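Student: I'd like to ask some things about the structure below.
Since every read-out is calculated from the coordinates, none of them should be taken as a lab result. These numbers come from a predicted model, not from an experiment. For neighbour counting, all protein chains shown are included, and Cβ atoms are generated from backbone atoms with ideal geometry for every residue, glycine included.
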Amino acid sequence: MQFNPLLKSQRPVVAIIGGGVSGAGVAYHLARANCRERPVIVVFEPRAELGRGLAYDTADPAHRINVPAAKMSLQPADIGEFQAWIEARDAVADDPEAKQPDGMLFPRRRLFGEYVASLLKPLLDDGAVRHCRAVVTAVERRGGRWSIQDDKGGVTEADIVAIATSHPPPAAPGRLAARLGAHPRFVADTTRPGALEVIRPHDRVLVIGNGLTAADVIASLAQRGHDGPITAISRRGLRSRGHAPVPQQLFGDFLSHAAHSAVALLAAIRSAIDAAKGEGISWHGVIDQVRAQGYDLWQALPIAERRRVVRHLRPYWDVHRFRIAPQVEAVLDAAVSAGRLDILAGSVADARLEGELIRCTLQPRHQRKPLERSYDAVVVTTGPAHGGILETQPWLSALAANGHLSLDPTGLGLACTERSEAIGSTGTADPSLLISGPLARGTFGELMGLPQITEHAFFVASEIAGKLKATATNPRPA
């Protein structure tokens, strides 16, 4: 292995593992922060550009931002920057469907990745941020510093490490994966490039899951000319909601008497929705207020109650909080109206192969009698397998085995403090190891939506800058 000579610096070194919006955001804000001395910032990301990550690297034209562009930005203090960037470049000139009748823009997701990459480019050009286009293979604590190995044979020594990797891919139920794994049209991970290309135009498709990813899959299939019947099955049969016809003002106050139980929180939200309706405000304004106050609400809940929220209320929260873009909603509405899309509450009780056919036994919710259905393709869209995050990367498993990381007790990622410092197996926080983005969701409550992710990236960058300012740097040999 070769040590990276660029990073054997007398200046402090900050390594950020993951170059999606979370990691790129930390690098961007740290490079602009007031530190005691300018640190070396290196971002490990195998993709060609920083800022895209899994969500914004897609080339699928059906994949759209599900938040109006006017509410998306890498700058927490300038929420309209992305829309201004679009307008300055006329960036949706080739996408007439981006603009809605009310003027709101819902561009293709890839465009936001281009915007973030454009903000990072000057920092990369002048060396303030360095992009190591490699996959991290090992992270070890050695002599008071972190030693990071990558698949290009490099070894980088860092003083501070920020873990900003993506949430894990969906996990197909073990029995289902074993039964159908050999079928050419069993799609267990839709994040793989070209994953849906195996599905033919007239195939009968079973989609397992019914959230944002399922909506993306159905829209993508329609974009490709698929006209076969689709069944979307999920435990509760909840379909992701759309945006309000007109913007809604925030409604409700959930902090003056913050709920200390899942039941009390649910009652408060329902009461606020009823009161909002009386004033002509839709549920959207209430849910947006819950999101705006989400961090404080989450902190008020004991761990046991957070677990109850995750176990019982999270599916309802997700379908109201994470709304689908109007263009995607129109595709789903059309499919339902045409009788091509059947949304079912239930589970897949069994599946077996009969030649190229996939025979599935579906168990509808609250019914004893199962349904026997035949499909040509099965697509898994059950959402991130948060509980399996430590198994997704060998270096994460090793950090946990060595006591540096542990799972969050809510099952939503990695345990960390309110300063985003990783908590190890002994319950002790490490100030030199931080968690950024969705993997810190168990502590911070709402870190899946873009505004919260960028706010958290700014927060983590500020924490790192504070550590660098407070710590006298001991000169190291060049």
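Student: Given Cα pairs under 8 Å that are at least 6 residues apart, what percent is the relative contact order of the chain? Numbers along the way, then the final one.
Tutor: Numbers: 966 pairs, mean separation 101.1, N = 478.
Here the relative contact order equals 21 percent.
Student: When the helices in the chain are scored as -39500 (n - 2.57) per DSSP H run of 4 or longer and the sum is shared across all residues, what 222 nm value do you end up with, to the nearest 500 deg cm²/dmol? Don't skip to the answer; put the middle values down first.
Tutor: Values: 15 runs with 153 residues, N = 478.
The helix-only estimate for the chain comes to -9500 deg cm²/dmol at 222 nm.
Student: Debye calculation, C-alpha points only, no solvent: report log10 I(q)/I(0) for region 20-84 at q = 0.14, 0.16, 0.22 Å⁻¹, in the same order as the q values.
Tutor: Computed log10 I(q)/I(0) values: -0.53, -0.67, -1.06.
Student: Moving on to the next point. Rounded to the nearest 20 Debye, what is the dipole magnitude of region 15-55 about its Cα centre when Lys and Arg each give +1 and Asp and Glu each give -1 at the C-beta? Please report the intermediate quantities before stating the final value.
Tutor: Details: 5 positive and 3 negative charges, 20 e Å.
The calculated dipole for region 15-55 is roughly 100 debye.
Student: Let me ask you something else. Can you quote the Å³ per residue value for the convex hull of the Cα atoms in region 93-234, rounded to an integer? Intermediate values should be presented prior to the final figure.
Tutor: Numbers: hull volume 30.4 nm³, N = 142.
That works out to 214 Å³ per residue.
Student: Give me the number: length gained by fully extending LEU353 to GLN299, i.e. 0.36 nm times residue separation minus the C-alpha to C-alpha distance, one decimal in nm.
Tutor: Values: separation 54, 0.36 × 54 = 19.44 nm, distance 4.77 nm.
Gain on stretching LEU353 to GLN299: 14.7 nm.
Student: Give the aspartates and glutamates reachable from LYS121 as a straight Cα distance under 12 Å; neighbours fewer than 8 places away on the same chain don't count.
Tutor: Straight-distance partners of LYS121: GLU49.
Student: Now, a different point. For an R0 of 35 angstrom, estimate the FRET efficiency from the Cβ-Cβ distance between LEU238 and GLN10 and round to the nearest 0.05. Intermediate results must be reported in sequence, preceding the final value.
Tutor: Numbers: r = 55 Å, r/R0 = 1.58.
Calculated value: 0.05.
Student: Compute the acute angle (0 to 90°) between the alpha-carbon long axis of helix 262-278 and the principal axis of greatest extent of the alpha-carbon atoms of the chain; round to the nearest 10°.
Tutor: Its long axis makes an angle of about 70 degrees.
Student: On a straight-distance basis, which aspartates and glutamates could pair with LYS469 in a cross-link, Cα separation under 19 angstrom, same-chain partners fewer than 8 positions away excluded?
Tutor: Cα-Cα hits under 19 Å: GLU37, ASP159, GLU421, ASP430.
Student: Another question, then. By how many nm would the segment from THR361 to SER397 lengthen if fully extended, with 0.36 nm per residue of separation less the alpha-carbon distance?
Tutor: Answer, rounded to one decimal: 9.4 nm.
Student: What is the ratio of the Cα radius of gyration of region 25-169 to 2.2 N^0.38 Å, where N is its residue count, to two decimals?
Tutor: Details: Rg = 17.6 Å, N = 145, 2.2 N^0.38 = 14.6 Å.
After normalising by residue count via 2.2 N^0.38 Å, the value is 1.20.
Student: Continuing with this model, one more query. Taking the 0 to 90 degree range and rounding to the nearest ten, how far is the long axis of helix 326-337 tilted relative to the main principal axis of the chain, both from C-alpha atoms?
Tutor: Between the helix axis and the principal axis of the chain, the angle is about 20 degrees.
Student: In addition: Please report, to one decimal in angstroms, the Kirkwood hydrodynamic radius of the chain built from all distinct Cα-Cα pairs. Let's see the in-between values first.
Tutor: Working: mean 1/r = 0.0420 Å⁻¹.
About 23.8 Å for the chain.
Student: Bin by bin, in steps of 5 Å, what percent of the Cα pairs in region 133-200 do you find, going until the bin that has the longest distance?
Tutor: For region 133-200, the pair-distance distribution reads 3, 13, 16, 15, 10, 10, 12, 11, 7, 2, 0, 0.
Student: Sticking with this one: Just for region 1-156, what percent of DSSP beta bridges are antiparallel, to the closest 5?
Tutor: Details: 10 of 21 bridges.
Here the antiparallel bridges make up roughly 50 percent for region 1-156.
Student: Still on this structure, I have one more. In Å and from the alpha-carbon atoms only, list the Rg and Dmax of region 121-163.
Tutor: Here Rg and the maximum Cα pair distance are 11.7, 34 Å.
Student: For the pair GLU87/HIS260, report the inter-label distance in nm, with labels modelled 7 Å from Cα in the Cβ direction.
Tutor: According to this spin-label approximation, the distance is 4.8 nm.
Student: Does region 257-401 come out rounded, prolate or oblate, given a ≥ b ≥ c as the square roots of the eigenvalues of its C-alpha gyration tensor, rounded meaning a/c under 1.5 and, failing that, prolate meaning a/b above b/c? Present the calculation step by step, with values, prior to reporting the outcome.
Tutor: Working: a/c = 2.08, a/b = 1.31, b/c = 1.59.
Oblate is the answer for region 257-401, as a/c is 1.5 or above yet b/c matches or exceeds a/b.
Student: If one takes the longest principal axis of the Cα atoms in the chain, at what angle in degrees, from 0 to 90 and to the nearest 10, does the Cα axis of helix 450-470 lie?
Tutor: Its long axis makes an angle of about 10 degrees.
Student: Moving on to the next point. If you average 1/r over all unlike Cα pairs in region 329-478 and invert the result, what Kirkwood radius do you get in angstrom?
Tutor: Values: mean 1/r = 0.0511 Å⁻¹.
Evaluated on region 329-478, it is 19.6 Å.
Student: Same structure, new question: Which whole number of Å³ per residue matches the convex hull of the alpha-carbon atoms in region 192-239? Walk me through the intermediate numbers first.
Tutor: Numbers: hull volume 3.5 nm³, N = 48.
Normalising the Cα hull of region 192-239 by residue number yields 73 Å³.
Student: If I take every Cα pair under 8 Å that is 6 or more residues apart in region 355-429, average their sequence separation and divide by the length, what percent do I get for the relative contact order?
Tutor: Reported relative contact order: 18 percent.
Student: Estimate the FRET efficiency between LEU371 and THR428 by the formula 1/(1 + (r/R0)^6), using the beta-carbon distance for r and 45 Å for R0, to the nearest 0.05. Write out the running numbers ahead of the final one.
Tutor: Values: r = 51 Å, r/R0 = 1.14.
Efficiency computed from Cβ-Cβ geometry: 0.30.
Student: Please report the antiparallel percentage of the DSSP beta bridges confined to the chain, to the nearest 5.
Tutor: Values: 30 of 63 bridges.
Close to 50 percent.
Student: Bin width 10 Å, origin at 0, all Cα-Cα pairs of region 229-284: what percent of pairs per bin?
Tutor: 19, 35, 32, 12, 2
Student: State, as an integer percentage, the relative contact order of region 326-478 based on alpha-carbon contacts under 8 Å between residues 6 or more apart. Before the final figure, lay out the partial values.
Tutor: Working: 187 pairs, mean separation 15.9, N = 153.
Value for region 326-478: 10 percent.
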